[in-house]
Amino acid sequence: MNENFSLNNSEWSVMEILWEEQPQTLMQLVHKMKEKQGWSKSTTNTILRRMQEKGYIRYEEGERARLYFSEVKRKEVVLKETESFLKRTYGGSLGMLMSAFVENHPLSRQDIEELREVLRRAEKDAAIQKDGKEERR
């Protein structure tokens, strides 16, 4: 996946459907996008063609219709989008993001515990990496 990977809102809508269940036929996607976005068949077809050109999706010829598949994993896309947002908005500073968020949104006890657990895992991973580097010296 390239560095500048970014889904627009229309592409997110299609990917959400494919990540939920794949493959999907063109007509399945047309029906779902009509419900979700009010798109016509030609609009859905155009978006699918553009997404295929970008390498986000692919299709295979089925017995009766093309079968569409995601070429990117949701987890990878979310990570790239999050990294891009963090870099663009906060200069890459996770601390600035967290500070801005916490100042404007009170955290529940559960939120705080989840963050503590994330930090514990990060500390553990950092210690393992440090030990591994010291052993190689």
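Descriptive notes on the structure:
- Proxy reagent accessibility, fewest Cβ within 10 Å first, across Arg49, Arg88: Arg88, Arg49
- Protection proxy ranking of 74-82, 27-35 - average other beta-carbon atoms within 10 Å, highest first: 27-35, 74-82
- The range 58-127 versus the range 10-47: alpha-carbon centroid distance in Å: 24
- Length-normalised contact order of the chain in % [C-alpha pairs under 8 Å, at least 6 apart]: 20
- For the listed peptides 37-43, 122-128, a ranking on the average number of other beta carbons within 10 Å per residue, highest first, reads 37-43, 122-128.
- Summing Lys and Arg as +1 and Asp and Glu as -1 over all other residues whose Cβ lies under 13 Å from the Cβ of Glu123 gives a net charge of +2.
- Potential lengthening between Ser40 and Glu114 on full extension [0.36 nm per residue; Cα-Cα distance subtracted]: 22.4 nm
- Contact order relative to length of the range 9-72, as percent, for alpha carbon pairs under 8 angstrom and 6 or more apart: 37
- Options Phe5, Ala122, Met96, ranked by Cα towards positive dipole end of the chain, top entry (Cβ charges): Phe5
Rule-based calculations on the coordinates, nothing more; no lab input. Not measured: the values here are computed from a predicted model. Cβ: placed from backbone, ideal geometry, glycine included. Neighbour counts: every protein chain shown.
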